[in-house]
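The values are calculated or read from the model by the stated rules, or taken from the named source; none is laboratory data. All figures in this text were calculated on a predicted structure; none of them were measured in a lab. Note that we place each Cβ from the backbone using ideal geometry, even for glycine, and neighbour counts take in every protein chain shown.
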Ligand SMILES: Cc1cc2nc3c(=O)[nH]c(=O)nc-3n(C[C@H](O)[C@H](O)[C@H](O)COP(=O)(O)OP(=O)(O)OC[C@H]3O[C@@H](n4cnc5c(N)ncnc54)[C@H](O)[C@@H]3O)c2cc1C
């Protein structure tokens, strides 16, 4: 059987070898059946297998085939909505437990990498950059807010020399350096986590699309050629869920975002990012970039609403890359790819139960690397009977996109134009 190939990314090109994980065949039993082998599914699986539960993961394509194997590889704390906005919209009681968890996902990643010896080029150090002087207060606000919630060590640099010591670009007015941010090879992290799960007795079946989840206790997850009866099910399909659970797809919108990787830059790489930090700007429609272990610039940005596959990723991303680093004008782009993240109207993740024993998490709206690692632990706690932290997420309301299923893409695209205009005007 031919498995659905990974996106043509630099990550697929440089992925570690992985064992064959044959499709599910026949009837099986487990304590927990997880649908989707991205970070959400794998992180949940590890948490549960570490506690001694029998875990089976069903993956439609391959481990890390979705956003988890194609993303920018940037460790960004917190959620896609700032915690003060959550507090304003939902009140202090709702925001406080979320605030207490907002730096935990990065710790989960680092713990797992250390504990299971995952080779994924993990580097410490992340940067938020202000593209215009009137974006600098946003960085100051960010620093104050995170310090208030007990996150020390942030450093704001707002002189040309200070900025240039971090990013070799004239584009930025200030940078905020977070030593606990960082970056890594996303697909190799997913593959390492899959191996960790298997080392704990978990089983992963690739090429195994879940087509139906029959309710009951136990519930049964069906694929074309097999089934898993399990006391608990976790739906972790995010932007690639398709028709599996239409109720989950209805309140979200898959969005494509594009990434390129240049040819290896050799000595020139250190001029771009002298401290080897990863960088993202603080625009709504943001650019993000970093160096790979073999000194390529990996540059992402742009959002194609409604998940259309852009014909030429390079044509979309190169102009922005050159605005940031004009010195790369002659450099060859060797890889360009698109991946889908899942947008929610509130930009907050949607977490809950479809039935007493069927759990889900989806829609982290852009910043999902740390959140997915946090929620895996939180889902694991809930399944084992401790649902306090799960409830803190599950209580957040899920809002429908205006315009319903048919109009949600155009309306949100209009929203994106509005935010882009705000970014341009710096308001
Ligand atoms: C291009 C890009 C860049 C990004 N950069 C960053 C970044 O730098 N930092 C950051 O914090 N976040 C980033 N994100 C977001 C982050 O990657 C995601 O939020 C996160 O990886 C989502 O993980 P997941 O496990 O929920 O979903 P996914 O990784 O998408 O996994 C879902 C899996 O479910 C499988 N699946 C779907 N339906 C079925 C089914 N019926 N049966 C079986 N399997 C099924 C899919 O095949 C897929 O493998 C980026 C996203 C993209 C697309």
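Identify the residue in region 1-34 that is in a strand (DSSP E or B) and touching a helix residue (DSSP H, G or I) at 6+ places or on another chain (Cβ under 7 Å) and, among all such residues, is nearest to residue 193 (Cα to Cα). Outline the logic, then answer.
Applying the first criterion (in a strand (DSSP E or B)) to region 1-34 yields 26-34.
This time we only want the ones that are touching a helix residue (DSSP H, G or I) at 6+ places or on another chain (Cβ under 7 Å), so: 32, 34.
On the way: 32: 17, 34: 14 Å.
Step by step, filter region 1-34, then rank; the result is 34.
Could you tell me which of the residues 164, 203, 212 is surrounded by fewer than 18 Cβ atoms within 10 Å (Cβ to Cβ) and within 15 Å of the ligand (Cβ to nearest atom)?
Being surrounded by fewer than 18 Cβ atoms within 10 Å (Cβ to Cβ) and within 15 Å of the ligand (Cβ to nearest atom) holds for just one of 164, 203, 212, which is 212.
Find the helices (runs of 4 or more DSSP H) located wholly in region 50-127 whose residues include 3 or more that are crowded, with 19+ Cβ neighbours inside 10 Å and within 14 Å of the ligand (Cβ to nearest atom), and list them.
Values: elements: 83-90, 92-101, 104-116.
Once the helices (runs of 4 or more DSSP H) in region 50-127 are filtered for at least 3 residues that are crowded, with 19+ Cβ neighbours inside 10 Å and within 14 Å of the ligand (Cβ to nearest atom), what remains is 104-116.
Taking helices (runs of 4 or more DSSP H) that do not extend beyond region 314-427, which have at least 3 residues that are modelled with pLDDT under 95 and within 30 Å of residue 279 (Cα to Cα)?
404-425
Just checking, which of 318, 268, 296, 312 is buried (at least 19 other Cβ atoms within 10 Å of the Cβ) and over 26 Å from residue 77 (Cα atoms)?
On inspection, the qualifying residue turns out to be 318.
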